[in-house]
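Down below is the structure, laid out as C-alpha cells.
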Amino acid sequence: MGDMSSLEVTQVAANLVRRLNEGDRSAFDELLRLSQDRMAHLTRKLLGSYPRVRRWEQTEDVYQQAAIRLQQALSSVQIVDVRHFFRLLALQIRRELIDMSRRHTGPQGFAANHQTHSPSAQAEGGEAIAWAEGVDDDDPQDSVEWSEFHQRVSELPEALREMFDLIFYHDMSQAEVAELMGVSDRTVRRRWRDARLEIGEFLPPGLGGDD
C-alpha cells in the first residue's frame, strides 16, 4: 500500500473486490498483496502500545500469521463488498493478537514464567537476559489486558464493532468511515463513543477521549 491514504486504499480495495466478484481471479492475489502492507502497519501500531507484549513476538511474525488467516478466509467466503473485506481483515488481525497473547500468558507461557532484568542488574552479575529498552520488569497483566481488550472488541454489537474496526484497526478518520458506511458524521461519533464505553477500562492509552 506504500504511502497511499486510507481513502486511496479503500478505493483500490473496492475495485479489487468488484473485479473478484466479476470472476477476475487475478484480483485475489492483488487483494492479498494489498492487505500485507496494511497488516504490517497495523500490527506495528498495535504492538507499539504494549512494549511488554511486543517483546514476545516480532511484528512480521504476527502479520504473516494474520495474512495466512486472511488467505484462508478469502478462499472460503465470498467478499460482498469493501466493507466486508475490511471487517474480515480486522478480524484476522484481532484473532492472531488474541492467540499470541494467550500463548504467552497461559500457565506454560513465557511471559508468565520470565522476569526481565534491567541492564544495571546484568552489570552487577545478574543473569544476562534480553532487555527491552524502557521496560524494567515484565508484567503478565499487560498481556492479559491486551488479550481482554481485543476480546471485548470482538464481543461488541456488530454496528459498533465495524465502527471500531475501521477507526482503530484500519486507521480511518471518522469522516472516511462516515463516507464508507453511508452514515452521518454524528452517527459515527455516537457509535465510536458507545463502543469505547462498552470496552471501558481495557482501552489502550489515547483512546479514552471523545474525538
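List the helices (runs of 4 or more DSSP H) that sit entirely inside region 109-204 and contain at least 1 residues that are modelled with pLDDT of 50 or more and farther than 28 Å from Glu8 by Cβ.
140-154, 185-199
Being within 18 Å of Leu180 (Cα to Cα) and modelled with pLDDT of 90 or more is the filter here; which residues of region 11-46 pass it?
Gln11, Val12, Ala13, Ala14, Asn15, Leu16, Val17, Arg18
The values are calculated or read from the model by the stated rules, or taken from the named source; none is laboratory data. These figures come from a predicted structure and were not determined experimentally. All Cβ positions, even for glycine, are placed from backbone atoms using ideal geometry, and neighbour counts span all protein chains on display.
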